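Remarks on the structure that follows.
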Amino acid sequence: MSTPTEHLRHIPHERRRRVRAAPEPAARGAAPVIALDDVWLEFDHPVLRGATLHVDEGDTLLVLGESGTGKSTLLKLVLRLLLPERGRIRVFGGEINDLSFEEVLAIRRRIGKVFQNAALFDSLTVYENVAYPLREAGRKQEPEIERIVRERLEFVDLDPEQVMTKLPGELSGGMKKRVGIARAIASDPEVVLYDEPTAGLDPLAIDTIVGLIRKLQHELGVTAVVVTHDIRTGFRVASRVNLLREGRIEFDGTPEDMIASDDDYIQSYLQAA
Amino acid sequence: MNGFITSVDERMRGVALGVQEYFTLGARASRFVAARPFYWRDMLYQMDRIGAGSVPILFLTGLFTGMVLALQSSVELAKFGANIYIGNLVGASMVKELGPVLSALMVAGRAGSGIAAELGAMRVTEQIDALESFGTDPIKKLVTPRLLAGMIMLPLLTIMTDVVGIAGGLFIAVAKVEIPADIYLRGVWTTLALSGFVFGIFPRDFVGGLLKPLVFGAIIAGTGSYYGMNAQGGTEGVGRATTRAVVTSSILILATDYFLTQLLLVILPPVL
Ligand SMILES: Nc1ncnc2c1ncn2[C@@H]1O[C@H](COP(=O)(O)OP(=O)(O)OP(=O)(O)O)[C@@H](O)[C@H]1O
Ligand SMILES: [Mg+2]
């Protein structure tokens with residue numbers, strides 16, 4: 001069976017048992033912000049086969065791997081948009097498989113996600129797209145929301161006056177991507193998951209995105225996971241690198257360790273890139 | 001042979017799972033009717049799309065159905081010299097069956113397919129994942145407003161279809177069969193009054209005729225949402241979801257119509 005979508009799958013879990021909400025950031029301490037432990041998942045063929053990884057607070061983890069190895073799937077698991085067949089996934093110190101749906105929603109609001117194909121809401125303008133997470137959190141008044149939206153758009157090098165009233169269909173691919181990033185960071189998430197943040201961008205825009213990821217990392221201490229085929233860009237932002245291969249994490253270390261590795265596969269992977 | 005049995009068995013299990021998921025989706029969507037935040041804007045928008053958007057085609061559907069009913073019954077009734085009863089026939093057929101069922105089928109083709117296509121496109125382009133990742137419950141945000149909009153708008157649309165159909169019949173009766181308008185209209189009213197009243201004022205057939213579209217509205221929006229939310233495999237998958245939504249809801253409408261008619265005969269028995 002292929003995996004049914006989350007909204008249908010979580011129902012038995014709600015009834016199963018009520019678990020305390022994940023602890024607040026203050027209580028985190030040394031525990032990793034995200035931890036996957038021996039995670040297995042298959043669609044019509046096995047994708048993850050015992051994947052284990054962790055992301056510490058303030059880390060920027062780069063996840064590399066060939067196309068179709070399950071990198072996007074890993075990010076979806078962290079948000080519980082998918083459930084693993086086996087294995088534990090802990091986010092902010094709490095196991096997310098056991099949370100009720102409402103508790104999962106609360107966790108998700110603390111995580112920003114940049115989707116591989118932007119996934120902007122077609123029927124909403126750029127302004128409404130970026131404002132969406134802010135409105136959904138429901139704590140801010142409209143003037144403040146507008147101020148933040150403008151700021152975030154400028155942050156990704158877009159002119160608010162020019163793009164705010166446009167619909168996603170009227171934007172170029174690279175612009176969509178940047179709006180997607182602006183939306184992901186709109187509500188000051190503690191963790192940002194970037195799925196191919198620089199694919200389809202010109203070199204200057206890539207520089208902007210790299211600067212942005214670094215800025216979030218250094219100034220705000222945001223924890224990040226970056227999935228990309230663009231190794232050069234990845235190495236510029238990563239504090240650690242994981243290589244996903246055949247459903248498992250084959251390598252875990254710093255970018256320097258990876259370059260220095262004498263593993264044949266790693267070397268050929270780096271050479272090719 | 002064995003392979004055949006296994007595949008049939010698997011298909012049946014697939015169908016059973018599908019039915020279970022379908023009702024789970026329906027149950028969850030209805031549960032949110034009372035939960036906050038309630039997405040008012042989304043519901044009003046959907047009411048406009050399903051409702052106002054369907055007015056022209058339902059106007060034409062009602063008009064031509066009423067006209068052809070009048071024409072056909074005039075031919076049959078003429079054999080017995082009973083042409084003055086055209087109003088009775090047109091009124092009864094429109095209000096009891098054709099109004100609700102044809103409206104529902106047309107809306108299924110128009111709005112049900114639209115719901116499946118829209119939600120399907122949102123599913124395959126990860127917009128539904130995006131909604132969820134911002135802490136929105138996609139069922140509450142997408143399915144509940146559509147379900148309610150369908151249940152509110154279809155009865156209203158059906159009333160319109162009924163009225164236009166009766167007017168179309170009136171036109172043919174007067175212009176072609178040469179029955180006076182007041183006789184035609186009295187015929188319509190006597191049929192409706194004949195089977196009795198609910199609470200003393202609402203004709204029974206009329207109430208029955210509104211209960212059906214309420215259920216049909218839920219079927220159309222629910223089926224469209226179900227196939228849309230579960231679309232898989234890119235644009236092709238969206239196309240498949242759309243086709244299935246229309247076919248399934250049309251069949252469900254026709255089957256449910258029979259059972260609802262049967263049920264109405266029991267809970268609101270006609271006065272003879
Ligand atoms: N919803 C799904 N249903 C069925 N199979 C899926 C689904 N999502 C992903 N897969 C399969 O899982 C595998 C991993 O997909 P995933 O999108 O995680 O790859 P990826 O590493 O992100 O690839 P890329 O670098 O090309 O983005 C692929 O073989 C894909 O076909
Ligand atoms: Mg991917």
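Data overview
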{"quantity": "Hits in segment A:217-229 - residues which are away from ligand 1 (no atom under 16 Å from the Cβ) and either at pLDDT 90 or above or within 23 Å of A:L74 (Cα to Cα) (or both)", "calculated": "A:Q217, A:G221, A:V222, A:T223, A:A224"}
{"quantity": "Test for A:A184: is it within 16 Å of ligand 2 (Cβ to nearest atom), small (G, A, S) and closer than 26 Å to A:L36 by Cβ", "calculated": "yes"}
{"quantity": "Those residues of segment A:193-213 which are within 16 Å of ligand 2 (Cβ to nearest atom), touching a residue at least 40 places away in the same chain (Cβ under 8 Å) and out of contact with any Ser or Thr (no Cβ under 6 Å at 6 or more places or on another chain), in sequence order", "calculated": "A:L193, A:Y194, A:P197, A:A199"}
{"quantity": "Odd one out for B:F32 among (1) over 18 Å from B:G114 (Cβ atoms); (2) open to solvent by 60 Å² or more (accessible area, probe 1.4 Å)", "calculated": "(2)"}
{"quantity": "Of all residues in segment A:48-70 being crowded, with 18+ Cβ neighbours inside 10 Å and either within 14 Å of chain B (Cβ to nearest Cβ) or within 10 Å of ligand 1 (Cβ to nearest atom) (or both), the one that is nearest to B:D129 (Cα to Cα)", "calculated": "A:G70"}
{"quantity": "Only listed residue being within 14 Å of another protein chain (Cβ to nearest Cβ) and touching a residue at least 12 places away in the same chain (Cβ under 8 Å), chosen from B:T136, B:T144", "calculated": "B:T144"}
{"quantity": "Any hit, segment B:255-262, residues being hydrophobic (A, V, I, L, M, F, W, C), in contact (Cβ under 8 Å) with a residue 40 or more places away in the chain and surrounded by fewer than 17 Cβ atoms within 10 Å (Cβ to Cβ)", "calculated": "no"}
{"quantity": "Residues within segment A:136-155 that are at the interface with chain B (Cβ under 9 Å from one of its Cβ atoms) and of a type in the set (K, R), tallied", "calculated": "0"}
{"quantity": "Single residue of segment A:230-242 satisfying the filter (part of a loop (DSSP other than H, G, I, E, B) and more than 16 Å from ligand 1 (Cβ to nearest atom)) that is most open to solvent (accessible area, probe 1.4 Å)", "calculated": "A:S239"}
{"quantity": "Helices (runs of 4 or more DSSP H) within segment B:90-192 that include 3 or more residues open to solvent by 10 Å² or more (accessible area, probe 1.4 Å)", "calculated": "B:99-107, B:113-124, B:144-172"}
{"quantity": "Filter pass, A:I266 being more than 16 Å from ligand 1 (Cβ to nearest atom), among the β-branched types (V, I, T), more than 20 Å from the chain's Cα centre (by Cα) and not in a strand (DSSP E or B)", "calculated": "yes"}
{"quantity": "Selection from segment A:172-216 of residues that are assigned to a helix (DSSP H, G or I), within 16 Å of ligand 1 (Cβ to nearest atom) and either buried (at least 21 other Cβ atoms within 10 Å of the Cβ) or away from every other protein chain (no Cβ under 14 Å) (or both)", "calculated": "A:K177, A:G180"}
{"quantity": "Checking A:P32 against (1) more than 14 Å from ligand 1 (Cβ to nearest atom); (2) modelled with pLDDT of 90 or more; (3) not in a loop (DSSP other than H, G, I, E, B), the condition it does not meet", "calculated": "(3)"}
{"quantity": "Residue check for A:T69: out of contact with any Gly (no Cβ under 8 Å at 6 or more places or on another chain), under 25 Å from A:V210 (Cα atoms) and within 16 Å of ligand 2 (Cβ to nearest atom)", "calculated": "no"}
{"quantity": "Filter result (within 9 Å of chain B (Cβ to nearest Cβ), among the charged types (D, E, K, R), buried (at least 18 other Cβ atoms within 10 Å of the Cβ) and assigned to a helix (DSSP H, G or I)) within segment A:71-120", "calculated": "A:K76, A:R108"}
{"quantity": "Meets criteria (modelled with pLDDT of 85 or more and within 16 Å of ligand 1 (Cβ to nearest atom)) for A:G112", "calculated": "no"}
{"quantity": "Qualifying position, being out of contact with any Asp or Glu (no Cβ under 8 Å at 6 or more places or on another chain), on the phi > 0 side of the Ramachandran plot, in contact (Cβ under 8 Å) with a residue 40 or more places away in the chain and away from chain A (no Cβ under 12 Å), among B:G196, B:G187", "calculated": "B:G196"}
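The values are calculated or read from the model by the stated rules, or taken from the named source; none is laboratory data. All values reported here derive from a predicted model rather than from experimental measurement. With ideal geometry, Cβ positions are generated from the backbone for all residues, glycine too; neighbour counts draw on all protein chains shown. Surface accessibility is based on the protein's heavy atoms, side chains included, excluding ligands, DNA and RNA. Shrake-Rupley method; radii C 1.70, N 1.55, O 1.52, S 1.80 Å.
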